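Reviewing the structure listed below.
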Amino acid sequence: MPHRAPKTGTSVERMGLAHDLEALAIDIARDAGDLARTRRAEGVAIAATKSALADIVTEADREVETLIRSRLRAERPDDGFLGEETGAERGVSDVTWVVDPIDGTVNYAYGIPSYAVSIAAVTGEPSPEQWQAVAAVVFNPVSMELFHAERGEGAWLDGQRLVVNAEPSPAGALLATGFGYDPATHAGDLARVARVMPLARDLRRAGAASLDFAFVAAGRLDGYFERGLQPWDHAAGALLVTEAGGMVGGAGAGGTVSNALSVACGPLLFDRLLTAALG
Ligand code: LIP
């Protein structure tokens, strides 16, 4: 029976909705991850390049997103959708799904087991400056780690509640970052790293934003910063971090996460990391 989402309604109804959306996202992410892993084992076909030569899309990216989109359409036909590979469609309900079918596509293509299915449900105007994420899943189908969160109910991994590192050790922060596909942006990104390094004990570059956010939520990193993220790269990860007691922000309107800059970390590091990253 398709689920009709109330546009408004009581907080209990909204909480019930968020719980249902999280459960649906978890179920679909598992199937999507299984498909991605299977296609990986069969060999990866590069379908095309997008914004730059290095910005590849594989046949599996498209196939996995089609699976996610068709499952969501069957279960919740009134909802909107925003996906990396198949674009945006406005819904008539208050819910929009923001999807990256295989985040870390270059890792996926090279056989580096650090990629993830990222699914978020947001309410309100479907733009990062305005939306409210209510459910999130980041699933690495190789490690089988499924990070999930429901607004107001915490972030979880394998039944363990996740908590960010409030502040880094005196040795400095263990930070992660990333670089865009356009070589013309690399000098600026490296200058940003140079500004941030005085805060760091070391830097990690894992290659999948959704997993970087998840690792901040899990306390495996003290912080993460990157320029050039798209809404589907950060929609789910940002809710994991805030539900784990962390802060997210950037160069967007009102200090929100944006393509110009995204930052995520514990509350006691946030202002210093944002200031250094903004420059
Ligand atoms: C990737 C992000 C990564 C970033 C890459 C790319 P994709 O997303 O996860 O953090 O550095 O440039 O945006 O393209 O694999 O979905």
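Within region 126-142, the residues that satisfy the criterion of being in contact (Cβ under 8 Å) with a residue 12 or more places away in the chain and more than 16 Å from the ligand (Cβ to nearest atom) are PRO126, SER127, GLU129, TRP131, GLN132, ALA133, VAL134, ALA135. Annotation note: of GLY188, GLY255, the sole residue that is open to solvent by less than 50 Å² (accessible area, probe 1.4 Å) and within 16 Å of the ligand (Cβ to nearest atom) is GLY188. Each residue in region 108-135 was checked for being under 11 Å from ALA18 (Cβ atoms) and either in contact with a helix residue (DSSP H, G or I) (Cβ under 6 Å, 6 or more places away or on another chain) or of a type in the set (Asp, Glu) (or both), and 4 pass. The set of residues in region 245-278 being touching a helix residue (DSSP H, G or I) at 6+ places or on another chain (Cβ under 7 Å) and at pLDDT below 95 consists of ALA251 alone. Within region 151-169, being over 21 Å from ASP20 (Cβ atoms) and either touching a Phe, Trp or Tyr at 6+ places or on another chain (Cβ under 9 Å) or at pLDDT 95 or above (or both) holds for ASP158, GLN160, LEU162, VAL163, VAL164, ASN165. Starting from residues that are among the small types (Gly, Ala, Ser) and surrounded by 24 or more Cβ atoms within 10 Å (Cβ to Cβ), keep the ones in region 84-125 and report whichever is nearest to the ligand (Cβ to nearest atom). Across region 84-125, the extreme among qualifying residues is GLY104. Selection over region 259-279 of residues that are open to solvent by 10 Å² or more (accessible area, probe 1.4 Å) and free of Cβ contacts under 8 Å to residues at least 60 places away in the same chain gives a count of 7.
You will find that of GLU243, GLU226, the residue that is closer than 28 Å to TRP131 by Cβ, touching a residue at least 24 places away in the same chain (Cβ under 8 Å), within 13 Å of the ligand (Cβ to nearest atom) and among the charged types (D, E, K, R) is GLU226 and no other. Confirm whether SER210 is among the polar types (S, T, N, Q), within 20 Å of TRP131 (Cβ to Cβ) and surrounded by 23 or more Cβ atoms within 10 Å (Cβ to Cβ). Spelling it out, SER210 is indeed among the polar types (S, T, N, Q), within 20 Å of TRP131 (Cβ to Cβ) and surrounded by 23 or more Cβ atoms within 10 Å (Cβ to Cβ). Answer yes or no as to whether HIS148 is within 13 Å of the ligand (Cβ to nearest atom) and either of a type outside the set (A, V, I, L, M, F, W, C) or more than 28 Å from HIS19 (Cβ to Cβ) (or both). The answer is no for HIS148. Is it the case that some residue within region 231-250 is more than 20 Å from GLY83 (Cβ to Cβ), open to solvent by 30 Å² or more (accessible area, probe 1.4 Å) and touching an Asp or Glu at 6+ places or on another chain (Cβ under 6 Å)? No, region 231-250 contains no residue that is more than 20 Å from GLY83 (Cβ to Cβ), open to solvent by 30 Å² or more (accessible area, probe 1.4 Å) and touching an Asp or Glu at 6+ places or on another chain (Cβ under 6 Å).
Scanning region 164-178 turns up one or more residues that are within 23 Å of THR275 (Cα to Cα), in contact with a strand residue (DSSP E or B) (Cβ under 9 Å, 6 or more places away or on another chain), among the hydrophobic types (A, V, I, L, M, F, W, C) and within 15 Å of the ligand (Cβ to nearest atom). For region 87-98, the criterion of being in a loop (DSSP other than H, G, I, E, B) and among the β-branched types (Val, Ile, Thr) is met by at least one residue. Among the residues of region 107-125, the ones that are in contact (Cβ under 8 Å) with a residue 24 or more places away in the chain and not in a loop (DSSP other than H, G, I, E, B) come to 11 in all.
So, VAL92, is that one modelled with pLDDT of 95 or more and within 17 Å of the chain's Cα centre (by Cα) or not? Considered against the rule, which asks whether it is modelled with pLDDT of 95 or more and within 17 Å of the chain's Cα centre (by Cα), VAL92 comes out as no. The combined condition, being aliphatic (A, V, I, L, M), within 23 Å of GLY104 (Cα to Cα) and assigned to a loop (DSSP other than H, G, I, E, B), is not fulfilled by VAL241.
Here ALA217 passes the criteria (1) within 15 Å of the ligand (Cβ to nearest atom); (2) among the small types (Gly, Ala, Ser); (3) touching a Gly at 6+ places or on another chain (Cβ under 7 Å) except the one numbered (1).
The values are calculated or read from the model by the stated rules, or taken from the named source; none is laboratory data. Predicted model, so just to flag it, every value in this text is computed and none were measured. Heads up, the Cβs are rebuilt from the backbone with ideal geometry, glycines too, and the neighbour counts pull from every protein chain shown. Accessible surface is based on the protein model in full, side chains and every heavy atom, while ligands, DNA and RNA are left aside. Shrake-Rupley method; radii C 1.70, N 1.55, O 1.52, S 1.80 Å.
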